[in-house]
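Enquirer: Provided herewith is a single structure, encoded as structure tokens, for subsequent inquiry.
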């Protein structure tokens, strides 16, 4: 089976290429390289022992996507292409609605035109907004607190409407919690362009000396140590979840043509717990300073994981130690990320 992976050169996309190749699929990676590097795919191919077909294109270019789907004879799509920084989305909402919502609309239109009707969508736990109960299960009220989360929810609604209109479509909606870590080889990992927007890569850059200290945004939350608690999931567990979801879509029953599941571990860790875990993995001290809370941040969020176990037969396996160890291994082997290459 040939799978188109949009955003395939990105952090999660490149790891997904490795996982799908290992499972015996053929892969076509499509990316506009606006926030990623082609080096990631070259290294993913090195890990897999196979060269990855690459197409430089934007999902908003429907004609280009149609051409790629036809030329490569694609059977399904895993959709990562999109903008993903919550704070940035507050300042640039039109860019987010264009890239995330319009981009997915164009992708679906290209799929309809070429007869490709299976898609795995990269959604987010941000669609839940401020948690009202724990763990956060898939039937939690949906109230995203920023444009990024709202664009993801709009795409989810679009997929559900398309599935209801035509029973030939198959959709898997995967709500990520907080992906971290790297491939154990250290060849591919998270390489943010500019200042990291997420906790783990920022901690890693402080540990490696690229940044002086970490800012901890808020220490007055109603959590055990006052800092924000999140559900962190190893990127390799995450992409294995995509494989399970893809296999589920292949044999989906009529009443399961469009499913939604969380991808998380079901365990929350605070910012300070993450800092101390990384200090143990790196044998480095992580300097930090307390800063005010950020707009839109929630105090605590961790996943309900039973539906993923039931629907796609998947559970995360890797623990916090592995997340920190594999991140540090990646950083030690690539102290400047892919830039050195």
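The values are calculated or read from the model by the stated rules, or taken from the named source; none is laboratory data. This is a predicted model, so every value here is computed, not measured. Using ideal geometry, Cβ is built from the backbone for each residue, glycine included, and neighbour counts are taken over all protein chains shown.
Enquirer: Inspect segment 284-292 for any residue being part of a helix (DSSP H, G or I) and over 22 Å from the mean Cα position of the chain (by Cα) and give the result as yes or no.
Expert: Within segment 284-292, none of the residues are part of a helix (DSSP H, G or I) and over 22 Å from the mean Cα position of the chain (by Cα).
Enquirer: Output the residues belonging to segment 168-180 that are over 18 Å from the mean Cα position of the chain (by Cα), buried (at least 17 other Cβ atoms within 10 Å of the Cβ) and not in a strand (DSSP E or B).
Expert: Hit for segment 168-180 is 169, nothing else.
Enquirer: Which pairs turn up if I take residues in segment 99-122 that are at positive phi and part of a helix (DSSP H, G or I) and look for partners that are surrounded by fewer than 17 Cβ atoms within 10 Å (Cβ to Cβ) and at pLDDT 95 or above with beta carbon separation below 8 Å, at least 6 apart in sequence or on another chain?
Expert: none
Enquirer: Only one of 64, 57 is touching a helix residue (DSSP H, G or I) at 6+ places or on another chain (Cβ under 9 Å), touching a residue at least 24 places away in the same chain (Cβ under 8 Å) and under 22 Å from residue 41 (Cβ atoms); which?
Expert: Among 64, 57, only 57 is touching a helix residue (DSSP H, G or I) at 6+ places or on another chain (Cβ under 9 Å), touching a residue at least 24 places away in the same chain (Cβ under 8 Å) and under 22 Å from residue 41 (Cβ atoms).
Enquirer: Within segment 81-125, take every residue that is farther than 27 Å from residue 3 by Cα and crowded, with 20+ Cβ neighbours inside 10 Å and give me the one that is farthest from the chain's Cα centre (by Cα).
Expert: 89
Enquirer: Going through 246, 242 one at a time, which residue ends up being in contact (Cβ under 8 Å) with a residue 12 or more places away in the chain, within 18 Å of the chain's Cα centre (by Cα) and more than 25 Å from residue 134 (Cα to Cα)?
Expert: 246
Enquirer: Considering only segment 6-73, give the helices (runs of 4 or more DSSP H) lying wholly within it that have at least 3 residues that are over 18 Å from the mean Cα position of the chain (by Cα) and either surrounded by 19 or more Cβ atoms within 10 Å (Cβ to Cβ) or modelled with pLDDT under 95 (or both).
Expert: 39-48, 62-72
Enquirer: Mind counting the residues in segment 296-317 that are assigned to a loop (DSSP other than H, G, I, E, B), closer than 15 Å to residue 242 by Cβ and within 18 Å of the chain's Cα centre (by Cα)?
Expert: Within segment 296-317, residues that are assigned to a loop (DSSP other than H, G, I, E, B), closer than 15 Å to residue 242 by Cβ and within 18 Å of the chain's Cα centre (by Cα) number 5.
Enquirer: Could you say which residue among 165, 208 is farther than 30 Å from residue 311 by Cβ and either loosely packed, with under 15 Cβ neighbours inside 10 Å or modelled with pLDDT of 95 or more (or both)?
Expert: Sole residue among the options that is farther than 30 Å from residue 311 by Cβ and either loosely packed, with under 15 Cβ neighbours inside 10 Å or modelled with pLDDT of 95 or more (or both): 208.
Enquirer: Strands (runs of 3 or more DSSP E) wholly in segment 181-279 with at least 1 residues that are over 28 Å from residue 33 (Cα atoms) - which ones?
Expert: Result: 214-217, 258-263.
Enquirer: Got at least one residue in segment 267-280 being within 16 Å of residue 179 (Cβ to Cβ), at pLDDT 95 or above and out of contact with any helix residue (DSSP H, G or I) (no Cβ under 7 Å at 6 or more places or on another chain)?
Expert: For segment 267-280, residues within 16 Å of residue 179 (Cβ to Cβ), at pLDDT 95 or above and out of contact with any helix residue (DSSP H, G or I) (no Cβ under 7 Å at 6 or more places or on another chain): present.
Enquirer: Would you call residue 143 modelled with pLDDT of 95 or more, more than 23 Å from residue 74 (Cβ to Cβ) and not in a strand (DSSP E or B)?
Expert: When the stated conditions are applied, residue 143 passes them.
Enquirer: Being surrounded by fewer than 18 Cβ atoms within 10 Å (Cβ to Cβ) and either more than 16 Å from residue 331 (Cα to Cα) or out of contact with any helix residue (DSSP H, G or I) (no Cβ under 7 Å at 6 or more places or on another chain) (or both) narrows it down to one residue among 222, 231; which is it?
Expert: It is 222.
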